[in-house]
1. Hey, does the range 104-114 have a residue that's of a type in the set (Gly, Ala, Ser), in contact (Cβ under 8 Å) with a residue 24 or more places away in the chain, over 16 Å from ARG65 (Cα atoms) and touching a helix residue (DSSP H, G or I) at 6+ places or on another chain (Cβ under 7 Å)?
2. In the range 261-302, how many are more than 20 Å from PRO251 (Cβ to Cβ), more than 25 Å from the chain's Cα centre (by Cα) and charged (D, E, K, R)?
3. Keeping to the range 569-581, report how many residues are modelled with pLDDT of 95 or more and within 25 Å of GLU621 (Cβ to Cβ).
4. Restricted to the range 121-144, and to residues that are over 16 Å from ASP269 (Cα atoms) and of a type in the set (Val, Ile, Thr), which residue is surrounded by the fewest Cβ atoms within 10 Å (Cβ to Cβ)?
5. Can you pull out the residues in the range 323-349 that are within 21 Å of the chain's Cα centre (by Cα) and not acidic (Asp, Glu)?
6. Looking at the range 604-617 only, could you name the residues that are assigned to a helix (DSSP H, G or I) and over 24 Å from LEU92 (Cβ atoms)?
7. Hey, SER294 hits all of (1) at pLDDT below 90; (2) in contact with a Ser or Thr (Cβ under 8 Å, 6 or more places away or on another chain); (3) part of a helix (DSSP H, G or I) but one; which does it fall short on?
8. Would a scan of the range 305-320 turn up a residue that is in a helix (DSSP H, G or I), in contact (Cβ under 8 Å) with a residue 24 or more places away in the chain and of a type outside the set (Val, Ile, Thr)?
Amino acid sequence: MASLLKRINSPDDLKRLETEELPLLAEEMREFIVDSVARTGGHLASSLGAVEIAIALHYVFHTPRDKIIWDVGHQAYAHKILTGRREVFHTLRQFGGISGFPKPSESEYDAFGVGHSSTSISAAVGMASARDLKGEDYKVVAVIGDGSMTAGLAFEGLNQAGHLKKDIIVVLNDNEMSISKNVGALSSFLSRKITGRFATRIKKEIEGFIRSIPRIGDTLANFAKKAEDSLITLFTPGMLFEGLGFHYIGPLDGHDINTLISTFRDISDLRGPVLIHVLTRKGKGYPPAEENPSVFHGVGPFDVRTGSPKKASKPTYTGIFSKTLVEIAERNPKVVAITAAMPEGTGLSRFAERFPERFFDVGIAEQHAITFAAGLAKEGFIPVCAIYSTFLQRAYDEVVHDVCMQNLPVVIAMDRAGIVGQDGPTHHGLFDISYLRHIPNMTVLAPKDEDELRHLLFSSVEYRCPVALRYPRGVCVGVDVSSPLRFIQRGKGEVLRTGRDIAILALGTMVYPALDAAERLKESGIDAGVVNARFVKPLDRELILSIASNTPNILTVEENVVQGGFGSAIGELLEEHGIRCNIKRIGIPDRFVEHGSQDELRSIYGLDSTGIERAVRFMLEGDERKEAVC
């Protein structure tokens, strides 16, 4: 590590540096971030692009008294390093280490917890309003990427900020990307730029000419100065933000620290909402990330010299989904695909290449994605809307009101369902079963492996009703996927193993661990059956009721919160039919799950073969010390 960065343990240390030293500090920080993320994995490209912004903000403002809210948090690694976490940065996203996102419980410099996009402006308006109600005086700054500006929530915040005239500062970090290349009219509007250098040169030449005019030069120059501000606004995105009540400044070079510092200082006395538009390059300073920013948005450990991943890539559930959807669309011209700014992340980039006219990227706008899908479905198409489980939460009302209430054939492919790993509590998909299964007309299902994912995706398109298909993040089980696509009857599970002592009803990722547990239990004389439930809604009522009538013990296993989940559905079914048996549910308890590897977290919460075996033994042997998480 170079010398300057070693001296920075807080923003106070940063302020002791001369401004001439800051560009070198930025270089050192980029090198440090690349070396660290190469070992731990993380969100690299976005953070590399925001290094100068973080330095300038902490150099000018008095954090933590002044509040800086980082939208999403992908761009906040430099912020973490500057605020006392350099020495523990090697633990980034590791179990027991620091979070990959701003987290108030981790540091007083993290003004607001973030993870999902487009929340920063609304939070900033709320904090500024609280400041004024308390009669206090501090700055509130929201740093938001142009990709996040495609979400309606961002504009709801802008609208209220302009209406209330609150003193807030919005830094628009414009790199023309969210995760993938930005889409939509707003992105095109933001791309109408006049570089700071060009605008400054023209302004100086015109001002010099006008002032040279005898007697009236100074008067005309003052008038022209006012007109110049309006002209720059007209030819840049400032027109939009000025119309919302903001004082617009920019666009500025987001990698010119001196310009950023002088601008942040100059606006300190401005009253009302201010928006500073800065232009940055995603992946700045690391050539592989500059060339492929989408690939380096979120990465696992990689070789710094080449940028290549350290682990050999294996088939993933996302990849199987991607190939299968293209195969289905080849057969059915009514199938269309929708993503919310994540064609690579959801695997839909393959579909987009094959069927560009049937592919739609709506930007970071999950609510719009679902209602847009409903509109397509109403007119006879079958939309497959690929959205991470955690992000689907943002479109709950649209799922209820626009899809299920009208019983439209929209297939929601919920990638990253269950425990996702190092991204932590903002990204775990642990609530979808509970918030979807109670909606009328909805079908909720989960495959046990990659081959079943293929068949269930094919079947979901054929069901002609609202469907939520959940599947996990990560590599596949490793089964053969060469069989022809086949239809699986809606609401039908399968018995994988019979057992007289206990029946383990497992869903999705929990099926194979349940089979492993049953094998080990057999060695000690416990005969455990295993059922691949497949469907949360509708349940295979006939199968489950038969098992419950003939088996004294039932254990349900799911990678979801137990409240209102798959196990709750089983309990409700048995109660409805007056069947009494010893039933236990294991899943995620009533808490937000921390960050760590998927294997670590599944082990902690009893969602592996050892945990399932332990839960069975507790049920049958009553050992309090072996109770599973439930």
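1. no
2. 2
3. The total comes to 3.
4. VAL125
5. ALA337, ILE338, THR339, ALA340, ALA341, MET342, PRO343, GLY345, THR346, GLY347, LEU348, SER349
6. Of everything in the range 604-617, those that are assigned to a helix (DSSP H, G or I) and over 24 Å from LEU92 (Cβ atoms) turn out to be SER609, THR610, GLY611, ILE612, GLU613, ARG614, ALA615, VAL616, ARG617.
7. Every condition holds for SER294 apart from (3).
8. Looking for residues that are in a helix (DSSP H, G or I), in contact (Cβ under 8 Å) with a residue 24 or more places away in the chain and of a type outside the set (Val, Ile, Thr), one finds at least one in the range 305-320, hence yes.
The values are calculated or read from the model by the stated rules, or taken from the named source; none is laboratory data. As the structure is a prediction and not an experimental result, all values here were calculated from the model. Every residue, glycine as well, gets a Cβ built from its backbone with ideal geometry; the counts of neighbours run over all protein chains shown.
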